């Protein structure tokens, strides 16, 4: 059986990672921490393209922050951004 290369990301939280890391609820992929619904990307490459597009659209440093946030669940983008900045200051 081929490896499932899908990447999933929170629709209502900031968690993202491999489809193999998720929990399911009624067959729906959910964040392994807060159980919010996840969105699917076909592969790491598709996910990276999406992140790069956002960074290139006037959001410098976005990729580094998103990479740092992999596997971390925050309730929203503002909290992720704050925690990332705090981490970088240490």
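Pull up the range 38-50, narrow it to residues that are in contact with a strand residue (DSSP E or B) (Cβ under 6 Å, 6 or more places away or on another chain) and free of Cβ contacts under 8 Å to residues at least 40 places away in the same chain, then point me to the one that is surrounded by the most Cβ atoms within 10 Å (Cβ to Cβ).
38
Let's see how each residue does on (1) closer than 20 Å to residue 75 by Cβ; (2) touching a strand residue (DSSP E or B) at 6+ places or on another chain (Cβ under 7 Å); (3) in contact (Cβ under 8 Å) with a residue 24 or more places away in the chain; (4) surrounded by fewer than 15 Cβ atoms within 10 Å (Cβ to Cβ):
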residue	(1), (2), (3), (4)
8	yes, yes, yes, no
13	yes, no, yes, no
27	no, no, no, yes
33	yes, no, yes, yes
52	no, no, no, yes
60	no, no, no, yes
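Within the range 66-84, track down each residue that is in contact with a strand residue (DSSP E or B) (Cβ under 8 Å, 6 or more places away or on another chain) and over 19 Å from residue 53 (Cβ atoms).
Passing the criteria: 71, 73.
How many residues are at pLDDT 95 or above and touching a helix residue (DSSP H, G or I) at 6+ places or on another chain (Cβ under 9 Å) when one looks only at the range 16-39?
4
The values are calculated or read from the model by the stated rules, or taken from the named source; none is laboratory data. All values reported here derive from a predicted model rather than from experimental measurement. Every residue, glycine as well, gets a Cβ built from its backbone with ideal geometry; the counts of neighbours run over all protein chains shown.
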